Every structure is written in C-alpha cells, then in structure tokens.
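Encoded as structure tokens, the structure appears first; notes follow it.
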Amino acid sequence: MFSLLRSMWLVFLHMFHKRDTYQYPEQKAPLPARWRGRIALTRDPDGDERCVGCYLCAAACPVDCISLQATEDEHGRRYPEFFRINFSRCIFCGFCEEACPTYAIQLLPDFEMAEYDRQNLVYEKHDLLIPSQGKYPGYNYYKIAGLAIKNKDKGEAEQEEPPVDIKSLLP
Amino acid sequence: MINAWWIIGGVLFVLLNTAAGLIWLERRMLALWQDRYGPNRAGPFGLFIVLADTLKLFFKEDWIPPFADKVVFVFAPAVVVASVLMSFVIVPFAPNIVVADLNIGILFFLAMSSLGVYSIVLGGWASNNKYALLGAMRGASQMISYEVFMGLALMGVVVLSGSFNLREIVEAQRTVWFIVPQLLGFLIFMVAGIAETHRLPFDIPEAESELVAGFHSEYSGMKFGMFFIGEYLGVTLISAMVVTLYFGGWLGPAFLPPVVWFAVKTFAFISLFILLRASMPRPRYDQLMEYGWKVLFPLSLLNLWVTAAIKLWLVSK
C-alpha cells in the first residue's frame, strides 16, 4: 500500500520535471555527425566528382535501390554517366558508404525528405551531387591513386615514387 | 427554484462537454506526468484535439461484424452512457441545482451504476468474439463484486447522516466533512469506484495487453466512442459522488459560489483518477477478486458495524 502511494507521489513529481519532447518543426533534435540520412555524392577538393563508377555501392545495397552507369572521359578518368537512388526503397543502412572506396557516397544528417509524389523520391545524379567534401575534407582519390589522368602522369601522385625503368642496367 | 428543464439541459450540456473535454485533459495530464507535452498543436493548448478526435470517430467505418448479434451489439454502447447520465439525476451540484431531489438518492445511484454492467456484458456477448467475451466475463464479475461493498461502504455515510437523500447528506456535513469520520469508508468507496468505472488500474475488462481491447474489441466508430464517453462520464460521476458523500459537496468558504466549489472538488478527483492511471500497474484478475472479497468486503462490513455502534451509542446517551 505504501509503495503504491509512493509511486503515485513520484509520478506526480514528474509534473515539475523538464519535458523530453522536441517541438519538432520549430525545434530540431541535434543529429550526430554520423547520422545515416539522405545519401549524397561528394566532390574532391578540386570540385570534381569523387565517384569513379565502381558499382560497389550498387552491389552492397541490400535493397537494390542504387543504379548507375560508369563511363570514362578522354583522359581516362572514370565517372558515372547517370547515378540514381530510389529513396522510396532505401533503408538507410549505410552499406553503400562503407563499400565506397573513394569516399564519394556519403550519408548526411538529414531526414526531411518527404514528398507528395512517390516518383519524386527517385533522386538523379544532379540531385545527389553536393558541392562539398562531406566527412572527409582534403581527400582526393586521383591525387593518391597511381592511375595516369589529365595533368598527372605516372609517378606524380602523392607519396608515389617515379616509375622504375626496368630496361635500364643502372642501379 | 430554477425551471427543471433548464437544469436538465444545463446538466446534460456540462456533462457531455466535460466528458469530451476529458479526452483532452487526460492526454495532457498523462503527458505531464510522463515528461511529455501531449496534444498541443490543434488550437489553443491543443484543445481542438477533442474536435479532431470526434470528427475522426464520426468518419470511421461503423462496422458491425457479420458474426455479431446485431440488435444487442448496437444497443450495448447506449446502455453505458444512458445509465451513467441517469445516475447524475440525483447529484446535487448546488443547493438548488439538482435534477431530481429523490429521497432514495443513493439507492438510485447504486441501481443505475449496476445497470452499467449490462453494456459490458451485452457488448462482449454480442461481439461473438472470445476476447470480447473474456473481457465481458471479467467485467461482470468485477463490477458485481465491487458493487457489493461499494454499497456497504456508502452505508456508513447513510448511518451518520440518517438519509438516503444526497442533498441532506451534504447538509449533514456542515460541521465536518464525512471524510474525517468515514476515512475507511472513503478509501473503500474510492477503490470500488475505480473498479466500477473499470478505469486503470482496474481496467481488467479491457486489459489491452491481454485481451486486445476486451469487451469492445469489435467496436469501431461512434459505437466505440460511446464506450469511451461512457467511461469518462463514469469517472466524472464517481468523482462527483465522492465529493458529495465525503467532501462536503457544494459546501465551502463563501467567497466562491457553491457550484464552483463542487466543480473544483470534482476536478481534483478527476485528476486523481488520471494520476492513478499514470502510476499504477494493473493487478491480476484473481488478485483483484481476492482483494475485493477477502480484504475490502470484511473491512467495509467492519466499517459499517463500528459506525452504526458509535451512532447508536451517541443516540442512546
């Protein structure tokens, strides 16, 4: 009997506690930086697309909501011809981000994506590309990779030795 | 004396609006005690949630299951509202605001609140659903057994005031409210009242964690709304009865009119009902019956005997 009265009193005291509610549209909950929300394609420090069209994200996606077509410019730099994410299917698991070898695809702390028309949830490449480096500032895949592209020949990448001339006899 | 039709209309208007307002009040109060805000968007302080809820209920499909007993199924929800509203006939809101000044007031109240059990039994039976039937069975046994010592607890008040008439009972409390000499009776009446309105923690006929929704599992739309309103009216009724019988009814310091005193006291008990809902766990069905018959029943008998003995002793002196 006493415990019942005590619990009633304790519940009554909750009247004077701070509310836990976020008054959502006006007051937003603080989202952590690693929140898995809207998917975006980031750019490298030069402002070029980071995506190299390797299809790893599409392969990792458990609900098959990513579709893309890789292509190559005249200098051998790969990029996606189109890149399409169907957000009505996406489960925001973040596997695509984990699979991405070039930090191109990233999940952002943004969940306010509601649409009246279902078709509007299919995001094309120009919807996905953002003018930002996302969570990995300063990372530039083509500056590190050994691949020769425009304005960067073999051996000119960061932390890369010039190629060894295997035909030469000199040590 | 005010015209009786005005009183009837006024009481009906106030009660039905109270019952609707309790939808809002309960949700806000529960939220308050659970560190939330509750409905606060629609209208000032979210008051229009009542309107939104009612409109929603009206536009729900009013479905009668093909396996149900149609006539009884439709009839049952009306019984609960009608019987509770009938009980309010004898409640004195102020010295001259009472619909019927019956000299058997308390007996009428007991009779009408017993009729309320029919809505549960008939609703559960007519639904032709095992969970509804289980809920109805529990409701019947709970309400019938708690009815017994609800009446016995009330007899203490009757002995002290020497009348079944609620107005005279209130007048008899001019010197001291009956809560003081009848504390035990008040506690028993309160517990029985909660069980009678089948509110939490004694919501065993509904017990949504065990029986889907108990006796009204099959109800939808405004028929469900009737059970809903009936429950809130029941809460108001028990609060009003507790105030009348134990807390001096309309009596109070003269700076407020009697009706306001009555309303304030009743509101306090309605809030207590909601606090109970916010803080109490539901007892098991057999625990409820055991507690009723083995503890509350002897206690209420004892209360009656002791009260009667003291009263006789005082009279014979």
The residues A:I39, B:I204, sorted from fewest to most surrounding Cβ atoms within 10 Å, come out as A:I39, B:I204
If you wrap a convex hull around the alpha carbons of the stretch A:45-157, what volume per residue comes out, as a whole number of Å³? 105
What does the convex hull of the Cα atoms of the stretch A:28-81 come to per residue, in Å³, rounded to a whole number? 124
Tell me, how many Å apart are the Cα centres for the stretch A:122-152 and for the stretch B:28-80? 55
With θ taken as phi - 60° and the coefficients 6.51, -1.76 and 1.60, list the Karplus ³J(HN,Hα) couplings across the stretch B:124-139 in order, rounded to whole Hz; mark glycine and proline as x. x, 6, 5, 5, 6, 9, 5, 5, 4, 5, 4, x, 5, 4, 4, x
Equivalent-ellipsoid semi-axes of the stretch B:189-229, from the Cα gyration tensor, Å, largest first: 20, 13, 5
Cα centroids of the stretch B:292-309 and the stretch B:229-256: how far apart, whole angstrom? 24
Would you mind ranking B:V235, A:V164 by Cβ crowding within 10 Å, fewest neighbours first? A:V164, B:V235
On the principal axes of its Cα set, how long, how wide and how thick is the protein assembly as shown? Give whole Å, largest value first. 134, 49, 46
Amide H neighbours of A:Y79 under 5 Å, counting only residues 5+ apart in sequence or on other chains, H built in-plane at 1.01 Å? A:T71, A:E72, A:D73
What is the dipole size for the protein assembly as shown, taken about its Cα centre, with +1 at each Lys and Arg Cβ and -1 at each Asp and Glu Cβ, in debye to the nearest 20? 1760
Sorted from largest down, give the three principal axis spans of the alpha carbons of the stretch B:62-316, whole angstrom values. 63, 39, 32
Distribution output for the stretch B:53-133: share of Cα-Cα pairs per 10 Å bin in percent, first bin at 0, values 17, 33, 28, 18, 5, 0
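Which value, in Å³ per residue, describes the convex hull spanned by the Cα atoms of the stretch B:1-142? Show your work: numbers first, answer last.
Numbers: hull volume 24.5 nm³, N = 142.
With only Cα atoms used, the stretch B:1-142 gives 173 Å³ per residue.
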Reduced Cα scattering model of the stretch B:238-299, Debye log10 I(q)/I(0), q = 0.12, 0.22, 0.29 Å⁻¹: -0.46, -0.89, -1.06
Using +1 at the C-beta of Lys and Arg and -1 at the C-beta of Asp and Glu, which of A:G53, B:G38, A:M113 has the Cα lying farthest in the positive direction of the dipole of the protein assembly as shown? B:G38
Sorted from fewest to most neighbouring beta carbons within 10 Å, what does the list B:E218, A:E74 look like? A:E74, B:E218
Binned Cα-Cα distance frequencies in the stretch B:217-264 - 10 Å width, integer %: 25, 33, 22, 16, 4
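Here, each number is a calculation from the coordinates, and none is a lab measurement. Everything numeric in this text was worked out from a predicted model, so none of it was measured. FYI the Cβ positions are ideal-geometry reconstructions off the backbone, even for glycines, and counts take in every protein chain you see.
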